Ligand code: PMT
């Protein structure tokens, strides 16, 4: 299972809080897995991309909808062999959604939007799986101290693998066709670190699956 794209957190019927994720990285991962023969469910936020061939797609809009689509999957029998959270999920949403379009004249000169925390889907998956299958893969989009923040996220969110994404560099991260990532694989108390150069997202996806494949359960085991 792969998540991709942004989440939109509604302010009113026409406005939302979102981010610049295009979905390209997650879609490349889903496509690459399907090409290798995996059954892939792609949970996609609002993006303008075609569904890769052979992939089952579920469209969602908000973080809470994404959580509702993803969290029951670990309780399925059998659960997915691997969950990759490439989506850029909003950490917060407006505490109130106006039923009608908010009018400029009603908002005053310095309007504010109160926010509340969204569910942390990856962390909830990390707690739910308690060190057994499925293989849990998180992403970390960072603009500074990539290595330190990525190591912390790997531990705090209970992932087996974390893809540290440098989103400050030109041509890397949100919206681009290329990406630069470092793959962190947890091995007991140690962490293997595999830095990759800048390359097209399709190639990044191939490298990620090459690292994940030996960690997946073998068919029939
Ligand atoms: O979509 P593209 O334009 O191709 O861009 C790709 C990308 C930059 C979006 C992608 O490579 C990437 O880095 N995705 C993760 C973005 C992100 O939200 O990172 P984060 O560090 O805020 O979140 C860490 C992890 O927790 C992520 O796996 C995220 O999916 C997950 N998360 C975050 C918040 C939340 N409420 N629930 C979550 O599950």
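Just one of the listed residues (118, 179) is touching a helix residue (DSSP H, G or I) at 6+ places or on another chain (Cβ under 7 Å), over 25 Å from residue 198 (Cβ atoms) and surrounded by 16 or more Cβ atoms within 10 Å (Cβ to Cβ), namely 118. Of all the numbered requirements in (1) within 19 Å of residue 200 (Cα to Cα); (2) over 17 Å from the mean Cα position of the chain (by Cα), residue 48 misses one, and that requirement is (2).
Checked against the criteria, residue 175 counts as on the phi > 0 side of the Ramachandran plot and within 18 Å of the chain's Cα centre (by Cα).
Scan the stretch 151-200 for residues that are part of a strand (DSSP E or B), within 10 Å of the ligand (Cβ to nearest atom) and within 18 Å of residue 126 (Cβ to Cβ) and the total you get is 3.
For residue 126, the stated conditions do not hold, so it cannot be described as closer than 20 Å to residue 90 by Cβ, within 12 Å of the ligand (Cβ to nearest atom) and outside any helix (DSSP H, G or I).
Readers should treat all values here as calculations from the given coordinates under stated rules, not as data from a laboratory. This one's a predicted model, so the numbers in the text were calculated from it and none came from an experiment. Using ideal geometry, Cβ is built from the backbone for each residue, glycine included, and neighbour counts are taken over all protein chains shown.
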